[in-house]
Structure formats: structure tokens, C-alpha cells
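Scroll down for the structure; my scribbles are underneath it.
Read the figures in this text as sums done on the coordinates, not as results from a lab. Just so it is clear, the model here is predicted, and its values are computed rather than measured. Note that each Cβ is placed from the backbone with ideal geometry, even for glycine, and that neighbours are counted across all protein chains shown.
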Amino acid sequence: MKFNTVIIGGGLAGLAGGIALQKAGRSTAIISTGQNALHFFSGSFESVEEAPQRIAALFEEAGVRLHYSPGVRLMPLGTFREAALSLDDVSLFPTPKIGKKALIVSFRGYHDFFASFLAEGLEKQGMACRIEWLDLPELELLGQSPSEMRSVQIARTMDRIWEKVVQEIRNWLQDEDTVILPQVFGLRYNTVPDRIRQAVPANVVFVGTLPPSVPGIRTQMLLKRRYELLGGTYLMGDEVTEAHVHEGTVHSIVTKNLDNHFIEAEHFILASGGFFSKGLKSNPFRIYEPIFGLDVEQASDRSGWYHPEFMHDQPYLAYGVKTDDTLHTLCEGKPMKNLYAAGSILGGTRPEMGSGAGLAIRSALAAVDQILKTEAE
Ligand SMILES: Cc1cc2nc3c(=O)[nH]c(=O)nc-3n(C[C@H](O)[C@H](O)[C@H](O)COP(=O)(O)OP(=O)(O)OC[C@H]3O[C@@H](n4cnc5c(N)ncnc54)[C@H](O)[C@@H]3O)c2cc1C
């Protein structure tokens, strides 16, 4: 198998890079082991100012609905956190004062949304709260096992019966100005959160649940679909185990599932994530990048990797693979000629590209620009 570019990792960075390359007419493959950070996504994009045209187009063309309004969003325990660019599900407020009275609605037997803690948090800030629990026969089967009563399973049912939920809310509403719901709507149909907002005569706010994140999974599905519609090859559930490198040029890679076949390409983008996704690993002596053995930024002494106070900023979270200015990765101090890094595998090594989702998208697009530039030279 031969492609123009092979991308290792199918999270936000891998998909953003893959879509941009397919749009530029290049043949690409994304190989991705499994879950990525989007499955835990809050719905708000760190370090992305009002989406520049290129980023906005990337999401818009995939059907991902975004809005931008610097302010705060409501967190699951009734506190507020700053946010700006967010998925449409996330309500953004100029200040933490979101209303006087809230009706919080959850599902009987659902333990991944903490209605009582949420109410307690909001009450501390002067908002009166009332909680109602939906008892729906459609969820009865899920309710028999706590492991089934999870956000994604509920969301699948809600895709079918969200109008029934709206009816229940309308019956319950008294003088509340705000209705708060768990983020379990619109897994397949991303207009559902908006349609709920239009159908309920109060300000509807969706609040994050314990993972998996329904808006994050929807975003992943939409970006993946867009990538595949553009002709990209997404090898899901496979893992790159080894690479063939000669004098700083990567020629091919080997995966677990296709172990007899080399996957060749002109260019490679490493978007395998940070520690969370095993793009970076560690042993007691060093932090390392497992496929190519690239140079990784890190304190030489292990005691410098972490701060003994658990809640303190942890240095290891900023570690990532080293690159030159053009995102070529480094191996023993020398740039790899056709291997670029993008996304959270860069850790804090490229502060000018921001952090979180901002870093993932910006670095992926920058790596794509480098590839196209190299080809044009
Ligand atoms: C739990 C969590 C929640 C987050 N929430 C937010 C948020 O709400 N907002 C925000 O802005 N940022 C958030 N972030 C930051 C996040 O890192 C970025 O937003 C971004 O999604 C990272 O994308 P990525 O593509 O670089 O990496 P990832 O999403 O980690 O994707 C890397 C992918 O590479 C795959 N992979 C790894 N090794 C291999 C291999 N050898 N072969 C094949 N595939 C491989 C992994 O399985 C994974 O699918 C969060 C991070 C984490 C860890």
C-alpha cells in the first residue's frame, strides 16, 4: 500500500491534517488504535480565538456546528469556567449569572450526571434549583444494568425520543427561567440540541456528563465521515508498531493487523497524542516516543518530571517530541526529513501554537502546509 501521506493517530490532529491533505488532492491513510481525546471533549476548544476562516471551514464542511462568544460555561458541579470557541451544545454566558431559577432534569438510574451536586453549586451562587427525574420506559432496559446506563447509550435512545423529553419538561416547568439537561442529545443528529432550545420556553443549558462525551464522539464521527467522503482511508483499531527509516527518511511503517504489508508514503505525520493516548510512554528512567524513538523534551532527572503536590501543574504534562521550526521531528538532534509531529504529542514544546484543541488543529494544518510546500519546491 502506498499513499502520499500516512498519518499515525486519528484524533483531532490526525483528522484535521487528513482532511486538509485530501482537500489538497493528496492520497492519505490514517491509522488509529482507538479512543482519542475527543471522546472526553468538553465541547470547548482551548486556545482558539474566534475561529479563523480555515478552521471554521474545516468544521463547517464536516457539519460540526460551532459558536464563538468569549465568556463562561457551566461546569458539571455548578461552577463556571472560561470558554470562547465551543460546539453549539455548549451555552456561553458573559458572566456566571445565568438565571434566577433552574429546573435540572436527569434520568432515573443515570449516575454519570450529578444533578444534586450541580444544584448545590448553583445554589451557592444564589440560583434556586429544582430537580426532576425522567422515568422513561424506553430506558428501562438500560437501567437494569448501571454499566449500560451511560451517556452514549442514552444518547442513542434520545435521538429517537427527544421530543417526548421536551414534552415532559414543558409539563414540569413552573416559573423557572433555565432548564439544565445532561449533554446526551444529538449524537447522530446535531441539530437536536438547538431544536430542544427552540421547543422549551426557557433558557436551555446542556452540561457535560462523565465520559464518554456525546458531543465529542459526534465531532469525531463527523470529521471521520468528512475525511472518508474526501477519499481518505481510515484504518480504525490498528496500531503502528514499527517504522523503516533510512538516513532520516521514513520509508514505510508496519501495523499490528497488516503485519505482512509495509505501508509506504512520501510523508508521515505523527499525531499519536500524549501520554493519555500512548503517543508518549515512560519507564522509570526516561520518557520516550515508542514508534520512531524521537527526541522528547524532558527533565533529565526523574524527580523533575512531576510536582509532589498532586493538584499542582505537573511538568510531565508539558513534555512532547522535539521538532525544528517546520515541525520536522528530531532524532538524536537531527531533523527527520519526512516525519512531522502534530497535536498533543508536541506537549508544551510549541507554545506559539497554543494548547489543547488549538494546538491540535494549528499544528496539523502547519504540518500539511509544510508537506505541500516541500512538494512545490
Ligand atoms: C481526557 C482529555 C480531555 C481533553 N479535553 C479537552 C477539551 O475539552 N478541550 C480542549 O481544547 N482540549 C482538550 N484536551 C486536549 C486534547 O489533547 C486536544 O484537544 C486534542 O483533542 C488532542 O488531539 P490529538 O489528535 O493530538 O491526540 P489524541 O486525541 O490523543 O489522538 C491520538 C490518537 O492516536 C492514536 N495512537 C497512539 N499511538 C498509536 C499508534 N502506535 N498507532 C496508531 N494509532 C495510535 C490513539 O489511539 C489516539 O486515537 C483533552 C485531553 C485529554 C487527554
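Among the trypsin sites (Lys or Arg not before Pro) within the range 275-358, those in coil by DSSP and having at most 14 neighbouring Cβ atoms inside 10 Å are Lys278, Arg286.
Treating r as the C-beta distance of Glu309 and Val152 and R0 as 25 Å, the FRET efficiency rounds to 0.10.
Multiplying the residue separation of Thr241 and Leu229 by 0.36 nm and subtracting their alpha-carbon distance yields 1.6 nm.
With contacts taken as Cα pairs under 8 Å at a separation of at least 6 residues, the range 64-210 carries a relative contact order of 26 percent.
Shown here for the range 28-102: trypsin sites (Lys or Arg not before Pro) in loop regions (DSSP other than H, G, I, E, B) with at most 15 other Cβ atoms within 10 Å, namely Lys97, Lys100. Residue order for Ser355, Ser363, Ser106, Ser147, fewest other beta carbons within 10 angstrom first, comes to Ser147, Ser355, Ser106, Ser363. Taking the fewest neighbouring Cβ atoms within 10 Å as the starting point, the ordered list for Trp133, Trp305 is Trp133, Trp305. Pairs spanning more than 32 Å between alpha-carbon atoms, out of Lys278/Lys373; Lys124/Lys224; Lys97/Lys224; Lys23/Lys322: Lys124/Lys224; Lys97/Lys224.
Counting other C-beta atoms within 10 Å, and keeping those with at most 15, which DSSP coil GluC sites (Glu not before Pro) do you find in the range 125-192? Sites meeting the loop and neighbour criteria: Glu148. Stretching Glu82 away from Asp324 to a fully extended chain increases their span by 83.9 nm, per 0.36 nm per residue minus the current alpha-carbon distance.
What FRET efficiency, computed as 1/(1 + (r/R0)^6) with R0 = 35 Å and r the Cβ-Cβ distance, is obtained for Asn283 and Glu132, rounded to the nearest 0.05? Taking R0 as 35 Å, the efficiency between Asn283 and Glu132 is 0.10.
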